[in-house]
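Quick notes on the structure that follows.
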Amino acid sequence: MNRQLWDDLTLSAYVDGQLNSEDQHALEADMARDATLRRQVQEIQLVVTALREAPLREPPRNFLLTPTMVDAPQKSAKAPQVRRTSLLFTRWATALSAIAFVVALTFQLRLGTLIPLGTTPPMAPMMEDTAHLERNFTFAPDELPPEDGTAEAVVAPLTVLEAAPPATTEDKFCSADEICEEPAPVGITSTPILDSGESEGTFPPPLPEIEGEVPTGSPAAAPPQLSLALALALLTVLLAGVSWWLSHRQ
Amino acid sequence: MNQTDSFEENEAQLIQAASKGSLDAFNALLLHYQSRAFNLAYHLLQDPAAADDATQEAFISAYKGLGQYRGGSFRAWLLRIVANACYDELRRRKRRPAISWDDFGDMDEEANPHLVDEGERPEEAAQRAELRRLLECTIARLPEDQRVALVLVDRLGLAYDEAAHTLDVPIGTIKSRLARARAQMRTLLLAEPELLPLRYRLEGNSSVEARR
């Protein structure tokens, strides 16, 4: 048999004495004729001898077991699986919530920019109330309060004096806290000034002293921001619930 | 009759006693096989500390699963549990890679004087330790499947069928992996023959050099 046919598998088996007698004799005959093949086998034998004679690495300690070690509950193979699943679904829920948030935010911004120019954007009920009051409390330029910073200038434009004379500056001059706690003068009733038309200035409305019917916003017309926030919150809660259920299903 | 022969005679009795719950009998088995188990774990994990942990965990598992031992080679059964513990650790490492403290320095028995054989002359001990280090470095360069087959058969002295049982592969697979591993070792070691002790060198050019 030609030595080219002796592969590593056969030579390795020969070194271990695993070849059948026929192959063994054939190989030995080839080795007697071929010095290179003989040397090749000798090298494998030397490698194997070195591997078998070299000392093993000494263990750093004895691994003797104690009753405490064998009684302790061993790490379960199932536990990490549950944690990994839980972590996986929590990650998915987080990612989906983040995507939903970005989509909602983008939609909200697009809604703001898509309103055509020249049209009034939809107004929240609270804003409608304020606008109504602002409209009622506009007044004519000749009724504008003097810009001298007196208490009269603060109070007078808000009401129409019907019976009592206006309070003097000396009577009303006090600190800011006192002004807040001061009740309305006796005999003064606050009547909304109806549309004057020509007024250029507005004044912050004193909400508690309004008489008459106060318009309220329609509950059916919910603002889009509220709807989006509500939808986002519901989606997040839904995802969290699904992830919790999936992680505890096992 | 040497110590190994007497142990093999007692092994069946120790296994029987251990399977009835005798921890002392199981520890007697461990004392005999712990060096092989630790070396297998070391060559698989390439990390002494991780090998220590895997060996200990495997021994606890073996004690608790002793009822599943159905006869045959006990060391092959035990080493199979060690190998499985190492593969679990390797999978865990792949998920969460970490740097071991041992990367900063080799935890060798030179650091532990109690583990050095006092009956051996210092120069012999140094040569043997040097040979072991050289072989460990060379073995570490082999692919994992070849490395394990080589360690089981040529380092730990298992027969082909025991190695096949340990790795749960056919004997033919063990033979081919072993042959490739030996050929690779021969190439690597003979590339730098001066690193080998004199008794492991051949005179003249090696066949590896002759083929170049």
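When only residues in region A:9-34 that are within 16 Å of B:A181 (Cβ to Cβ) and among the small types (G, A, S) count, which is nearest to the other protein chains (Cβ to nearest Cβ)?
The selected residue is A:S12.
Within the set of pairs 6+ apart or on separate chains, which have a first residue in region A:78-103 that is over 13 Å from A:S243 (Cβ atoms), a second that is at pLDDT 75 or above, and C-beta atoms under 7 Å apart?
Going by the 7 Å Cβ cut-off, the qualifying pairs are A:A100/A:L232; A:A100/A:L235; A:F101/A:L232.
Would you pick out the residues in region B:41-56 that are more than 7 Å from chain A (Cβ to nearest Cβ), in a helix (DSSP H, G or I) and buried (at least 18 other Cβ atoms within 10 Å of the Cβ)?
Pass one, region B:41-56, residues more than 7 Å from chain A (Cβ to nearest Cβ): B:41, B:43-47, B:49-51, B:53-54.
Imposing the further condition that a residue be in a helix (DSSP H, G or I) reduces the set to B:41, B:43-45, B:49-51, B:53-54.
Within region B:41-56, B:A41, B:H43, B:L44, B:L45, B:A50, B:A51, B:A54 qualify.
Is it true that B:F38 is buried (at least 20 other Cβ atoms within 10 Å of the Cβ), within 11 Å of chain A (Cβ to nearest Cβ) and farther than 27 Å from B:Y160 by Cβ?
Working: buried (at least 20 other Cβ atoms within 10 Å of the Cβ): yes; within 11 Å of chain A (Cβ to nearest Cβ): yes; farther than 27 Å from B:Y160 by Cβ: no.
It is false that B:F38 is buried (at least 20 other Cβ atoms within 10 Å of the Cβ), within 11 Å of chain A (Cβ to nearest Cβ) and farther than 27 Å from B:Y160 by Cβ.
With the structure loaded, tell me whether A:L37 is surrounded by 15 or more Cβ atoms within 10 Å (Cβ to Cβ), within 12 Å of chain B (Cβ to nearest Cβ), assigned to a loop (DSSP other than H, G, I, E, B) and of a type outside the set (S, T, N, Q) or whether it fails that test.
no
Please go through region B:35-69 and pick out each residue that is closer than 25 Å to A:D71 by Cβ and without any contact (Cβ under 8 Å) to a residue 12 or more places away in the chain.
Selection gives B:Q56, B:I60, B:K64, B:Q68.
If I ask for residues that are in contact with a Lys or Arg (Cβ under 9 Å, 6 or more places away or on another chain), in a loop (DSSP other than H, G, I, E, B) and without any contact (Cβ under 8 Å) to a residue 60 or more places away in the chain, which ones from region B:158-196 would you list?
Matches in region B:158-196: B:V169 only.
If we scan region B:111-125, do we find a residue that is of a type outside the set (D, E), part of a helix (DSSP H, G or I) and at pLDDT 90 or above?
No, there is no match, as no residue in region B:111-125 is of a type outside the set (D, E), part of a helix (DSSP H, G or I) and at pLDDT 90 or above.
Can you pull out every residue in region A:51-71 that is within 7 Å of another protein chain (Cβ to nearest Cβ) and within 14 Å of B:D53 (Cβ to Cβ)?
A:P59, A:P60, A:F63, A:M69
I need a count of the residues in region B:62-96 that are closer than 14 Å to B:L156 by Cα and either within 14 Å of chain A (Cβ to nearest Cβ) or of a type in the set (K, R) (or both).
5
For region A:63-79, indicate whether the set of residues that are part of a helix (DSSP H, G or I), among the basic types (K, R) and at pLDDT 80 or above is non-empty.
Scanning region A:63-79 turns up no residue that is part of a helix (DSSP H, G or I), among the basic types (K, R) and at pLDDT 80 or above.
Within region B:24-34, can you find the residues that are without any contact (Cβ under 8 Å) to a residue 40 or more places away in the chain and under 15 Å from A:N62 (Cβ atoms)?
B:D24, B:N27, B:A28, B:L30, B:L31, B:H32, B:Q34
(1) at pLDDT below 80; (2) surrounded by fewer than 16 Cβ atoms within 10 Å (Cβ to Cβ): which one isn't true of A:E53, the others all being true?
Unmet condition: (1).
The values are calculated or read from the model by the stated rules, or taken from the named source; none is laboratory data. Given the structure is predicted, the values throughout are model-derived calculations rather than measurements. Quick reminder, even Gly has a Cβ in these numbers, built from the backbone with ideal geometry, and neighbours come from all protein chains shown.
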